[in-house]
Every structure is written in structure tokens, then in C-alpha cells.
Amino acid sequence: MITLTDEQIQKKYMMQHAIQDVENILEDYRNDSIVQAVRTVLPVDDGSSMLYMPCISKASKTSIIKTVSIFPVNKNLPTTQGNILVTDLADGQHKATMDASYLTRLRTGAMTAIATDKLARKDASVLGVIGTGNMAFEQVLGVVEVRRIERIVLFNRTVEKAHDFAERLKAFGVEAEFEVVEDVSEAVASADIINCATQSAEPVFDGEDLTAGVHVNGVGSFKPSMREMDNETIAKAHQIYVDDLEAIQEEAGELMHAVESGIIAWEDIQGSLVDIFDGGFLRGDDAEITLYKCVGAGYFDLAVAGGVMRMFAE
């Protein structure tokens with residue numbers, strides 16, 4: 001059995017690889033080749049969480065189980081840490097164990113890229129980023145992979161972290177004008193695309209500030225108790241797409257709350273990534289507000305784990 005660290009994976013496996021592998025797994029899902037269980041989230045006493053995500057691909061004869069720890073109280077360690085165990089279903093051998101923190105961020109960014117490509121205006125050039133934690137970095141990389149972003153407006157409750165985030169993106173090679181704002185409404189009102197990646201229990205921006213034609217990616221909240229987007233944002237959305245509808249109905253706090261409040265019905269959600277990944281452009285006109293909500297599912301982790309296995313076997 002091989003062991004792969006985040007650092008080893010990051011040197012070889014990039015956003016463009018993850019996008020292709022996610023699209024491939026969506027094709028497998030469409031062909032009923034995926035068997036999975038809904039993610040199990042177990043609370044820890046200090047407000048932290050443990051997540052467990054198993055999945056099998058009958059097409060590739062591969063199984064994974066991902067374990068993720070989310071510890072917001074960490075000071076000297078990452079908030080999110082993960083590991084994926086890969087098993088060969090031909091003989092039951094455990095083939096690899098790999099760090100999953102980077103891969104979780106990367107596959108989520110790849111999923112955002114697919115949704116953004118189908119929904120954001122073709123001429124979208126300003127990206128607003130709300131929350132500049134680790135998850136947000138690959139979200140930006142996903143968007144710049146599919147749109148020509150000229151300006152990135154950053155908001156974080158701790159302003160210094162937003163400045164550090166901008167420097168990291170510059171060092172990575174992201175070419176855009178960067179602006180750090182201290183009022184979240186500035187980031188929202190100026191954006192053509194909004195990436196929201198927080199673990200907030202309360203909405204972190206006001207839907208009244210959304211402008212016509214904006215596309216919103218909400219990827220931070222993953223429990224019923226979390227709501228980083230408000231009801232106004234959801235009510236304004238002309239089209240709503242999600243990563244996985246079954247998982248969303250169990251875990252997406254803001255959408256669950258909107259349904260319970262009568263703002264929308266589950267039937268108002270137009271579809272999931274499997275419905276749109278290989279189709280055409282979905283936006284009806286440049287004035288529509290579109291929304292993509294993601295909580296994650298095991299087959300997306302299987303997609304990138306499988307891609308890493310193939311790459312390191314070469």
C-alpha cells in the first residue's frame with residue numbers, strides 16, 4: 001500500500017486534472033455505476049465535527065472512504081484535515097492511503113468550475129470572495145479556470161487574512177487586480193460571480209446587495225445548522241443548481257431553511273451537476289441571478305482519488 005501526502009499530490013495533480021476526473025465520475029453516476037452512502041457527520045463537544053464518506057465505483061472497481069476532521073478551534077493546525085483510503089474491488093486490497101485536505105478543496109473547486117462555466121455570464125470579470133480560509137483558495141482557482149477574471153474583491157472578518165490570501169493567489173500565478181474590502185456589501189455589489197466559503201451559522205451577506213446577472217457559489221456550509229446565505233438570496237435566484245440533491249436535502253442549511261419557510265420548494269431546484277456537466281450554457285439572459293450550492297458527496301472524492309492513483313501509477 002502506498003502513502004501519499006498533500007505535498008506530493010499538489011506537485012502533480014492540478015485543477016484541470018480534477019475537473020476532468022469529476023466530469024468522468026459524473027458520467028459513471030449517470031450510468032448507475034456509483035454506490036454510496038450519505039455522508040455521516042458526528043459532532044464533537046467543542047463545536048468540531050468528524051465526517052465519514054464511503055463510496056464505490058462499479059465502473060472502475062474502486063472503493064474509497066474519506067475521513068475528515070473539521071476543528072475550527074485549531075490554532076497551529078489546519079481547520080480541516082482528511083484522509084482517503086483506496087481499495088481495489090477486484091481483490092479487496094487496500095491500495096493507498098492519501099491525505100485528503102488538498103483533494104477535498106480541489107474537487108470542490110472543480111465542481112464550482114463546472115457549475116460556474118454553465119451558469120455565470122460569459123463576460124463575467126469580477127469575482128467577489130467572502131471568506132478567505134483554506135477552502136476558498138481552490139474555489140478561486142476553479143473560477144479562473146473557466147472565466148477571464150480581471151478583478152478579485154476579497155472580504156474576510158480578519159482583514160489581514162484577506163491580504164495574506166491575495167498574496168498567496170499572486171504567488172500561485174493568478175493574474176488579476178486584487179482589492180480587500182472591510183464591508184461585505186462592497187464585495188457583493190461589485191461582483192459578477194460570488195464565492196462564499198464560510199462555516200457560518202448565520203448569513204454572511206445581505207441578498208439585497210446582489211446585482212442583476214450575478215452568479216453565486218455557496219460551498220462553505222455543510223450542516224443543517226449552517227446558513228451562510230440568506231432567504232433573500234435564494235428567493236432572488238432564477239435558477240438553482242446543486243452538487244448532489246440527496247445530500248443537499250440532508251445537509252444544506254440555507255436551502256432546508258428556505259424550503260421550511262416556504263421561500264422555495266425542493267422541486268424548484270433545476271438540477272444537480274450530473275444533469276448539466278456535459279450540456280450547454282444554462283443562463284437564460286444576462287439579468288438572471290443564478291445559484292449553485294454544494295455540500296459534497298463521496299463520489300466526488302472517489303473521482304480525484306482515482307485520478308491521483310492513475311497519475312502516480314504512470
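Under 18 Å from the mean Cα position of the chain (by Cα), in a strand (DSSP E or B), farther than 26 Å from V146 by Cβ and among the β-branched types (V, I, T): which single residue out of V35, V41 fits that description?
V41 is the lone residue from the list that is under 18 Å from the mean Cα position of the chain (by Cα), in a strand (DSSP E or B), farther than 26 Å from V146 by Cβ and among the β-branched types (V, I, T).
Condition check ((1) more than 29 Å from L42 (Cβ to Cβ); (2) not in a helix (DSSP H, G or I)) across all residues:
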{"site": "V204", "(1), (2)": "no, yes"}
{"site": "A212", "(1), (2)": "yes, yes"}
{"site": "S225", "(1), (2)": "no, yes"}
{"site": "E228", "(1), (2)": "no, yes"}
{"site": "Y241", "(1), (2)": "no, yes"}
{"site": "Q249", "(1), (2)": "no, no"}
{"site": "E254", "(1), (2)": "no, no"}
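I'm trying to understand the selection: among the residues of segment 279-314, which are assigned to a loop (DSSP other than H, G, I, E, B), under 19 Å from K122 (Cβ atoms) and touching a strand residue (DSSP E or B) at 6+ places or on another chain (Cβ under 8 Å)?
Residues satisfying the conditions are L282, R283, G284, E288, I289.
State whether one or more residues within segment 270-278 are acidic (D, E), in contact (Cβ under 8 Å) with a residue 40 or more places away in the chain and assigned to a loop (DSSP other than H, G, I, E, B).
yes
Just the residues that are out of contact with any strand residue (DSSP E or B) (no Cβ under 7 Å at 6 or more places or on another chain), at pLDDT below 95 and surrounded by 15 or more Cβ atoms within 10 Å (Cβ to Cβ), please, taken from segment 153-202.
A197, Q199, S200, listed by residue number.
Go through the residues of segment 97-116 one by one and say whether even a single one is hydroxyl-bearing (S, T, Y), closer than 20 Å to S221 by Cβ, surrounded by 15 or more Cβ atoms within 10 Å (Cβ to Cβ) and at pLDDT below 95.
yes
Considering A162, A136, which residue is in a helix (DSSP H, G or I), farther than 17 Å from C294 by Cβ and either touching a His at 6+ places or on another chain (Cβ under 9 Å) or in contact (Cβ under 8 Å) with a residue 12 or more places away in the chain (or both)?
A162
Here is a list: L26, L4. Which entry is crowded, with 17+ Cβ neighbours inside 10 Å and over 17 Å from the mean Cα position of the chain (by Cα)?
L4
Could you count how many residues in segment 203-236 are under 13 Å from the mean Cα position of the chain (by Cα) and either of a type in the set (A, V, I, L, M, F, W, C) or modelled with pLDDT of 95 or more (or both)?
5
Of (1) of a type in the set (V, I, T); (2) under 30 Å from T5 (Cβ atoms); (3) in a helix (DSSP H, G or I), V129 satisfies all except one. Which?
(3)
Spot the failing condition for D91; the list is (1) assigned by TED's automatic domain parsing to the domain that holds Q16; (2) more than 20 Å from R168 (Cα to Cα); (3) touching a residue at least 12 places away in the same chain (Cβ under 8 Å), and only one is missed.
Evaluating D91 over (1) assigned by TED's automatic domain parsing to the domain that holds Q16; (2) more than 20 Å from R168 (Cα to Cα); (3) touching a residue at least 12 places away in the same chain (Cβ under 8 Å) leaves (3) as the failure.
Looking only at segment 52-64, how many residues end up being in contact (Cβ under 8 Å) with a residue 24 or more places away in the chain and not in a loop (DSSP other than H, G, I, E, B)?
Summing the residues that are in contact (Cβ under 8 Å) with a residue 24 or more places away in the chain and not in a loop (DSSP other than H, G, I, E, B) in segment 52-64 gives 8.
When you check V180 against the structure, is it β-branched (V, I, T), in contact (Cβ under 8 Å) with a residue 24 or more places away in the chain and touching a Gly at 6+ places or on another chain (Cβ under 9 Å), yes or no?
no
Give me the pairs, please: first residue somewhere in segment 14-41 and in contact (Cβ under 8 Å) with a residue 60 or more places away in the chain and under 30 Å from F71 (Cβ atoms), second residue anywhere and surrounded by fewer than 17 Cβ atoms within 10 Å (Cβ to Cβ) and of a type in the set (D, E), beta-carbon distance under 6 Å, and either six or more positions apart or on two chains.
Close Cβ pairs satisfying both conditions: V38/E250.
Considering only segment 10-33, how many residues are in contact with a helix residue (DSSP H, G or I) (Cβ under 6 Å, 6 or more places away or on another chain) and not polar (S, T, N, Q)?
12
Which residues, taken from segment 69-91, are in a loop (DSSP other than H, G, I, E, B) and closer than 24 Å to G306 by Cα?
Result: L89, A90, D91.
Every residue in segment 51-77 that is under 20 Å from K223 (Cα atoms) and in contact with a Ser or Thr (Cβ under 6 Å, 6 or more places away or on another chain), please.
If the condition is that a residue be under 20 Å from K223 (Cα atoms) and in contact with a Ser or Thr (Cβ under 6 Å, 6 or more places away or on another chain), then Y52, I70, F71, P72 are the ones that fit.
Answer yes or no as to whether K293 is buried (at least 22 other Cβ atoms within 10 Å of the Cβ) and either in contact with a Leu (Cβ under 8 Å, 6 or more places away or on another chain) or among the small types (G, A, S) (or both).
Here the answer is yes, as K293 does meet what is asked.
The values are calculated or read from the model by the stated rules, or taken from the named source; none is laboratory data. Bear in mind the structure is a predicted one, so any value in this text is a computation, not a measurement. For neighbour counting, all protein chains shown are included, and Cβ atoms are generated from backbone atoms with ideal geometry for every residue, glycine included.
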